[in-house]
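The values are calculated or read from the model by the stated rules, or taken from the named source; none is laboratory data. Computed from a prediction, not measured in an experiment: that's the story for all the values here. With ideal geometry, Cβ positions are generated from the backbone for all residues, glycine too; neighbour counts draw on all protein chains shown.
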């Protein structure tokens, strides 16, 4: 028994020694695999960390340095007054675009064709969190030339039925309103308590990727070696995007009343209409939505769907139609992206748009700003 | 800070590794090396938190007092009290500068990035050593022992505050604990981890005072917010203490003092401070309240002893408040607790006058009196603890909105 204990302890220390070795020597960049770009903001709840200079690494996909300015807006612009006098382009990870350099985002590229833009996007934001941000910027005294919000399918289309408070009452009340009362906050905390420890292999992986350089190297770091990367892909040891179902399949099912995705799409369109009205009332400037297609909408032929009733295009078509019905100017990027001559629109293992796509999107958005929103460079 | 390693705190892998290494060393035949190993673990922990600038400042904070301690060690007959006083005042001033108290406007010019963890606990240990150095001659002191004590791995971040003689006696008893002790300490460690890092966070989110500003907030919401923070604080702090005490006991060290004794069952605020963060209460009594009261009473007229003791109580609690945080809120917190201690003392005196000593004791022993006192004291503590995570203006605003 004592021998067994000694072996166990020796193994334990060996693991720690290996981990220290990976952290300090072999894979010191492991922190860049999962470093968060955001922090808690007193008004917005969660927003980009200000004055950020952060390496973001996804081996085989991207290795970039993300900057934010004093307000947390993507890029290195220091003159906030100048930056926020132009078109505000908000949204989620596709617009924040941590996978490309500051100067490669479509928001920055728009500057090259003469538009003054500010990237107000934040990873994980949806229309209601962007609404709070717009109200905050209004309270700070900034006025945009136009407001455009990028919405990614599918994460961007969430049920916003209960999110009306973000546009109602005072900003203070809206920001204090967490959307839930003290009872449900406590109850949800208690429920989370039951899930505090990882219960599935997926949970364990999530813990490991944020805590272990050894695991990070085995999972992603060694993919930096092209030979290993190619061998893993060819041998099927590494699944590609085509095999990953990264969406709630409800979105692909017929959007009838029984389908919960129907409410998500309609409430997103309704909220966009209300936000557009609020923008009009506050600043009297144009407002529009840009829809970013998901990977399986860009490459439906790669999506090996077994159920013929599932249609990858369904949510995009439905949301575009609902927004149009609500009188919201909308740009569906899918046709332009599909028509482009770009070999791959996204990263090899990451469904966000790559630098070439951002360049193309900038041209498409510039044209749309001119023709649909009548905003000239 | 160590590249690619997170700051080492109780729920971190680093703490687990260092703690396990110390426990195994204590159980092994190489246990005579425990003291240097403890110092190494302490320095690694400190290094994980500090930037180079922080480390330089910390060195400036802890090395000069060592010279004083070295000079004063065991010199009971010739201890120069003025010298001790100067060192203590210097350390306190340095602490005030480094802690960047918002109400000390004159240090605004010093805008530096120093943020040293556990600085107040280091100050307590340093003051204890400097003041007691003349009477601690029976124990050995060296730079290594001094650093081990001031930066002790297990008490670096949040105490408990240990006396040097206890620390030294503890190190001399390092070894493998008895099976009963082993089991109970392991049990206590797991309990502490569950309390501090699994259960406590559940209550933290529900303690957000913004939750009572909702239009539909009702009395139950108010009650949840009111009680959640005190529950969180107790579970977090006492859970943390459980972990570090259990860790020392697994190393055979049984001299780390307890910090909590069912504080929410206190009958009044004086009783509360004998049950809550007890090692801090003992320290503050030994080095602030008792000497200050003595100093005031020996200089004041006997008919002013009552007001002078009251003044001493208020100054002591002002310091208690200031120690808890760097904003004005904490001063108010301290003053409210000082006022409650005096109110309890006056109430006790009044009872004694009306019922006599035996009558008062009999009255206070009645279950309903005791129960009512516990309930009142608990709610007073809850109300004052609201000052810790919130600004006074936010509390007033939230209450105004809730009551409107």
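At a glance:
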{"item": "Selection status of residue B:201, within 25 Å of residue B:384 (Cα to Cα) and assigned to a loop (DSSP other than H, G, I, E, B)", "result": "no"}
{"item": "Cβ pairs under 7 Å, 6+ apart, first in the range B:9-23 and more than 12 Å from chain A (Cβ to nearest Cβ), second surrounded by fewer than 19 Cβ atoms within 10 Å (Cβ to Cβ) and part of a loop (DSSP other than H, G, I, E, B)", "result": "B:9/B:157; B:15/B:9"}
{"item": "Test: residue B:235 is within 14 Å of chain A (Cβ to nearest Cβ), surrounded by 21 or more Cβ atoms within 10 Å (Cβ to Cβ) and assigned to a helix (DSSP H, G or I)", "result": "yes"}
{"item": "The range A:298-317: number of residues that are closer than 25 Å to residue A:363 by Cα and crowded, with 19+ Cβ neighbours inside 10 Å", "result": "3"}
{"item": "Members of the range B:368-404 that are in a helix (DSSP H, G or I), exposed (fewer than 12 other Cβ atoms within 10 Å of the Cβ) and modelled with pLDDT under 95", "result": "B:393, B:396, B:400, B:403"}
{"item": "Those residues of the range A:20-53 which are crowded, with 16+ Cβ neighbours inside 10 Å and either part of a loop (DSSP other than H, G, I, E, B) or at pLDDT 85 or above (or both), in sequence order", "result": "A:22, A:27, A:35, A:37, A:43, A:44, A:47, A:48, A:49, A:52"}
{"item": "Residues of the range A:124-162 classified as in a loop (DSSP other than H, G, I, E, B) and either free of Cβ contacts under 8 Å to residues at least 40 places away in the same chain or buried (at least 20 other Cβ atoms within 10 Å of the Cβ) (or both), total", "result": "10"}
{"item": "Odd one out for residue A:7, checked against (1) outside any loop (DSSP other than H, G, I, E, B); (2) surrounded by 17 or more Cβ atoms within 10 Å (Cβ to Cβ)", "result": "(2)"}
{"item": "Filter result for the condition that a residue is over 20 Å from residue A:187 (Cβ atoms), within 14 Å of another protein chain (Cβ to nearest Cβ) and loosely packed, with under 15 Cβ neighbours inside 10 Å, over B:190, B:219", "result": "B:190"}
